[in-house]
Structures are given as C-alpha cells and as structure tokens.
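Any read-out appearing in this document is the output of simple, stated calculations on the displayed coordinates, not a laboratory observation. Given the structure is predicted, the values throughout are model-derived calculations rather than measurements. Positions of Cβ are backbone-derived with ideal geometry, glycine not excepted, and every protein chain shown enters the neighbour counts.
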Amino acid sequence: MCSGRILVPHPPTVLAVKPATLLDRLPKVEDFSYRLRGPQVTSRVGRWLGVAFAVAFLTGVWSHLQQDTPGWLSVPTRPVRLYQVTQGLHIIAGTVAVPLLLVKLWSVFPRFFQRPPRPGRALLVHLLERLSIGVLMAAAIFQLVTGLANSSQWYPWSFSFRSTHYAVAWVAITALIVHVAVKLPVIRAALGVPVEAAVPPDGVEEPREHEGETRSGGLTRRGLLRTTWVAAGLAALATAGASVPVLRNVSLFAVRSGEGPQGLPVNRSADAAGVVGIADDPDWRLEVTYQGESRTYDRDELMAMPQSTHVLPIACVEGWSATATWTGVRMADLVTAMGAPAASDVLVTSMQRFGAFGASLLPEDHTADPLTLLALQVNGMTLNLDHGYPCRIIAPNRPGVWQTKWVQRLEIDA
Amino acid sequence: MNGVSATRSTQVVRLVLAVIAVPAGLYAASLLLEAGSGNWLHLGIWLAGGVLIHDGVIAPVSVALGIASMTVLPVPWRLPATVGLICWGSITLFSIPVLGRFGALPDNPTLLDRPYFTSWLALTALTVLLVGVVGLVRSRRS
C-alpha cells in the first residue's frame with residue numbers, strides 16, 4: 001500500500017516535510033543530560049553569582065557617588081581606606097563572576113532550544129521570559145567585559161565607559177531582580193533539597209557515587225559545584241593583588257605589579273597630561289585665592305611651612321591601589337592662612353592640558369581634615385614629575401582621579 | 001510556574017522584589033536613554049555581541065568538549081580533564097585584556113607591567129601537568 005507513494009512522489013508533501021526536518025535537526029531540550037544541568041546546580045551557582053553581582057552593584061553605586069557626589073551626600077573622610085576597600089571588592093566581585101556566570105549559563109543552555117508554545121497566552125509568557133533572560137544576559141556579559149577591559153585601561157568602544165557602565169549596571173540589577181522573582185519557586189525547591197535530589201517536573205535524581213565522580217568518570221553535581229568554587233577562588237587569587245598588597249606575588253594576571261617610580265605606580269603620566277616643561281618650570285608659583293584676594297607660593301616657600309607626614313593610599317577606579325608615605329603642607333593651614341575657615345570647599349586646578357579630571361572640588365570636611373595634604377614629597381623623596389611635581393593633593397578616602405596632580409591654583413569658597 | 005506551585009510567602013517576596021524592580025527599571029531606562037543617545041548602534045552591538053558570542057561560540061564549544069570528554073577520553077581521565085578545563089578556561093577568558101596588552105601605554109611602564117604571556121604559558125603547562133599526573137595515577141589504580 002506504500003508503493004504508490006514511492007512511485008509517485010507528491011511535491012507538496014516534500015515541501016511540507018523540509019522545514020520540519022530542519023527544525024528537527026536542531027537539538028531539543030530533552031537531548032541534554034539533566035543530571036548536571038538542572039535547577040540544583042543552577043540555583044547553587046546562581047546564588048553566589050547573585051552575591052557577586054550585588055557586591056559589584058553596591059560598591060559600583062558607591063564609587064559613582066564618591067566620584068560624582070550629589071549635594072545631599074557628605075562623603076566621610078574616615079575610614080581612610082574606605083574607597084580602596086569598596087573599589088577593590090568591586091573588581092574582585094566582577095572577576096569572580098566570570099567562572100560563576102560561565103558555569104551557570106552552561107547549566108541552562110538546553111533551555112535555549114525550548115520550542116515556543118502555540119500562539120496564545122502561553123506564547124506571550126514564553127516570549128516575555130525569553131526577553132527578560134536576553135536582557136539579563138546582555139547586561140551581565142556587557143558589565144563583566146567592559147569592566148575587565150576598563151581595569152586594564154583598554155577602551156575598544158566609542159561610548160563613555162563611566163556613564164554606560166553605570167546605566168547598564170541598573171539594567172542588570174533590575175533584570176536580575178525580575179529573574180529571581182520569576183524563578184523563585186524553582187530556586188526554593190532546588191535549594192530546599194540535597195544537591196543529589198530530583199527537582200520536579202523535569203528533574204533527575206543523581207545516583208550517589210563516590211566522591212565527586214560518577215561511574216562513567218564524569219563530575220557529579222557536587223563535583224561540578226566544587227570545581228566552580230575552585231575556579232572562582234583562582235580567579236580572585238590571579239587578579240586581586242592589584243588591590244590586596246599581600247597577594248601581589250600570587251596575582252600573576254593583575255593589571256599592575258604595584259611597582260613604579262618612587263615605589264608607586266602611575267595612572268596618568270606627565271607626558272600624557274602635557275605638563276612636561278610646564279610643571280617643572282622654575283618660575284612655577286602656587287596661587288591661592290579667597291574672596292578676591294590672592295597669594296602665591298614658590299616651592300621653597302611651601303617647603304618652609306610646617307610639614308606633616310602621613311601614610312595614605314591612592315585608590316583608583318580601575319581597582320588598583322598603592323599605599324605611600326606623603327609629606328607636605330596641611331591643606332587646612334593653607335586655607336586658614338588666607339583668613340578662611342578650615343572647613344571650606346576648595347576648587348583645585350591642575351596644570352594638565354590633556355585628559356579628564358583637570359580640576360577637583362575638595363569638600364569642606366576633607367579640607368579641614370588634618371590628613372589632607374598638599375604633598376611635596378613621597379616616600380621621603382621630592383615628588384617625581386609623573387607623581388604630580390611640584391605638588392599634588394592627597395586626601396583620605398578619595399577616588400584616585402580626585403587626588404589632583406600638578407596643582408596650579410587653589411580657589412577657596414567658604 | 002515550571003510545575004512548582006507558588007506559595008504565599010513566595011508571593012510576598014515577589015511583591016517586595018516588584019516594589020524594588022519598578023523604580024530601579026525606570027531609573028535604568030532613563031540612564032540608558034541618556035548614555036546611548038547618538039551612539040545606539042555601537043552600544044547595541046556591544047550589548048548583543050556578548051550574548052551572540054556566548055550562544056554562538058562559547059556554549060556550543062563547551063557542549064562539544066563535554067561530549068568529547070565523555071566519549072573520546074578513557075574513564076580515568078574524564079574527571080581531571082573536566083576540572084582542569086573549567087579552571088584554565090575561565091582564567092584564560094578573563095585574562096584576554098592583559099594577555100593582549102591592548103591598554104598598554106608607551107609613556108606609562110607601570111601599567112600592565114607583568115609577563116602575562118609567560119604566566120599564561122606556565123598556567124597552561126601546570127594544568128596539563130596536573131591533569132596528566134592525576135590521569136596517569138587513576139589509570140594505574142583502575
């Protein structure tokens with residue numbers, strides 16, 4: 001009874017079969033093993049990925065507030081190392097998130113091949129969920145890629161890193177909250193039972209094998225989780241030395257070794273700032289102005305004033321930091337010498353001709369703080385031109401970009 | 001939802017999350033509109049590019065490697081090879097910016113001042129060595 005079909009092929013049948021075969025050749029969700037790729041692994045890795053993203057988000061928002069302080073906020077001068085710690089945590093959390101995100105995405109990859117349901121309410125829900133996952137993935141990968149590139153000062157894009165990384169951070173955290181809300185029952189069910197247990201509806205119970213390994217030599221769920229934690233730990237160790245001095249010799253992939261002229265790395269060199277021949281001009285004078293009056297100092301006059309020495313870190317937005325011993329004139333002394341109150345806002349202008357952050361506003365709390373210096377020396381030596389010769393600002397708990405180098409003018413605004 | 005019924009406490013948590021997500025999402029949208037203005041194409045390429053590279057390259061390659069390890073490799077070698085690949089692969093991936101030294105500046109020798117490529121070769125050699133030793137010991141034992 002089949003002979004007719006074989007002898008006389010029906011063209012419409014062939015046409016109808018073709019697209020179906022193509023679709024059938026794509027993998028299906030059922031084609032993947034659910035022993036490892038299930039909610040038990042996904043939710044356990046996801047929990048720590050969520051922690052890493054939350055830490056990166058909170059420290060990132062804090063960094064944004066320290067760099068671009070709104071009027072309602074007064075950034076404290078203590079703890080001295082606050083920005084060093086928050087920004088170090090920011091970069092470590094982002095780096096640790098790389099292996100966590102890779103394993104988590106691997107564990108849910110079969111869902112990529114889920115066939116959409118028939119048109120109707122179910123299809124709408126399916127498409128909305130797909131969209132929210134797409135936004136979350138795009139934002140999460142974007143944040144890790146741009147953040148890691150920025151920490152090595154690599155800018156292969158034309159948009160502004162700071163405003164875009166900040167905007168997409170809010171997209172990522174919103175998408176993450178939506179994702180957790182949608183998956184909450186699955187997460188709860190998976191975390192509420194042992195890692196080997198099956199989670200309905202498509203879950204598979206894992207046979208108890210010996211430590212971390214199945215009979216066929218593959219990883220068990222527990223083995224995969226342990227490997228993920230090891231990879232995340234190695235990620236932290238490999239890079240954290242840029243912000244954690246103890247790890248300097250371990251962190252072979254850190255963006256800086258912590259070495260540099262006078263024992264301190266340089267972020268923007270004198271050459272890049274265009275101050276060579278300007279900042280080292282012997283005719284240089286520091287100008288201090290207050291209420292229409294102005295006073296100038298040459299470097300010898302500044303050296304003749306009472307000097308203070310403090311140990312303070314330079315902590316950069318890229319996550320690296322370095323501690324040095326700074327000697328110079330207290331900012332409060334320079335301000336009170338003009339008859340202004342010690343707690344005054346001071347607009348600091350640099351001689352730099354190129355690049356951003358050519359001026360900074362030192363808030364009154366920082367000006368009055370006895371640790372805030374117009375530094376003339378670092379580690380017992382006259383400031384190197386790359387470190388801001390003839391003088392630079394060094395203040396407690398300040399982002400590095402606001403520790404203005406090659407200072408030309410201080411405008412006191414009581 | 002996925003066959004697991006939402007309990008009352010789940011609904012409460014969801015409500016709290018919604019209360020946070022709505023203003024956060026609106027703020028995110030306003031920031032993104034500002035950051036992307038005049039540069040939508042470039043920003044769009046960077047946002048979609050990560051997903052395309054993951055779904056188009058990283059994910060299929062790791063699925064293929066997983067299948068290969070469970071078919072080609074002898075049983076005692078499967079576990080050490082998988083563990084080695086996950087650790088080595090993720091370190092290699094996030095080290096791309098320093099390995100390429102793309103941000104290096106001629107006037108600033110204090111940036112990207114480590115022998116990254118040598119370290120990476122050492123990491124690769126160490127991974128191969130560890131996987132080899134563990135694999136051999138396990139082959140002998142079995």
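Note on chain A: with a GNM built from Cα contacts shorter than 10 Å, the maximum mean-square fluctuation among A:368, A:304, A:340 falls on A:304. The residues packed around residue A:346, meaning those with a beta-carbon under 9 Å from its beta-carbon, carry a net charge of -4 if Lys and Arg are +1 and Asp and Glu are -1.
Take every pair of alpha-carbon atoms less than 8 Å apart whose residues are at least six positions apart; their mean separation over the length of the stretch B:40-141 yields a relative contact order of 33 percent. The distance separating the Cα centre of the stretch A:394-414 from that of the stretch B:92-121 comes to 30 Å. Long hydrophobic helices in chain A: the complete DSSP H runs spanning 24 Å or more by Cα along their own axis with mean Kyte-Doolittle hydropathy of at least -1.0 are A:39-67, A:82-108, A:121-151, A:161-191, A:221-239. Summary value for the stretch A:134-176: 63 percent relative contact order, contacts being C-alpha pairs under 8 angstrom separated by 6+ residues.
Rg/Rh, computed from the Cα trace of the protein assembly as shown with Rh as the Kirkwood radius, has the value 1.07. What number in nm² do you get for the stretch A:24-247 if you take the convex hull of its Cα atoms and divide its surface by four? Averaging across all directions leaves 17.0 nm² for the Cα convex hull. Computed over chain A with a Gaussian network model linking Cα atoms closer than 10 Å, the most mobile of A:292, A:212, A:388 is A:292. Annotation: extensible slack from residue B:11 through residue B:136 equals 39.7 nm (criterion: 0.36 nm per residue apart, minus Cα-Cα distance). With only the Cα atoms considered, the stretch A:270-413 has a convex hull volume of 100 Å³ per residue.
The angle separating the long axis of helix B:59-71 from the principal Cα axis of greatest extent in chain B is about 30 degrees. Entry note, the stretch A:24-247: relative contact order of 32 percent, from Cα contacts under 8 Å with a spacing of 6+ residues.
Which log10 I(q)/I(0) values does the stretch A:123-234 give at q = 0.19 Å⁻¹ under the Debye formula, counting every alpha carbon as one identical point scatterer? Each listed q corresponds, in turn, to -1.08.
Look at where the Cα atoms of the stretch A:235-307 and of the stretch A:71-127 average out, and the two centres are 34 Å apart.
One Cα centroid belongs to the stretch A:160-210, the other to the stretch B:11-62; the line between them spans 17 Å. Rounded to a whole number, what is D in µm²/s for chain B from Stokes-Einstein with the Kirkwood radius over alpha-carbon pairs (20 °C, 1.002 mPa s)? Taking Rh from Cα pairs, D becomes 105 µm²/s.
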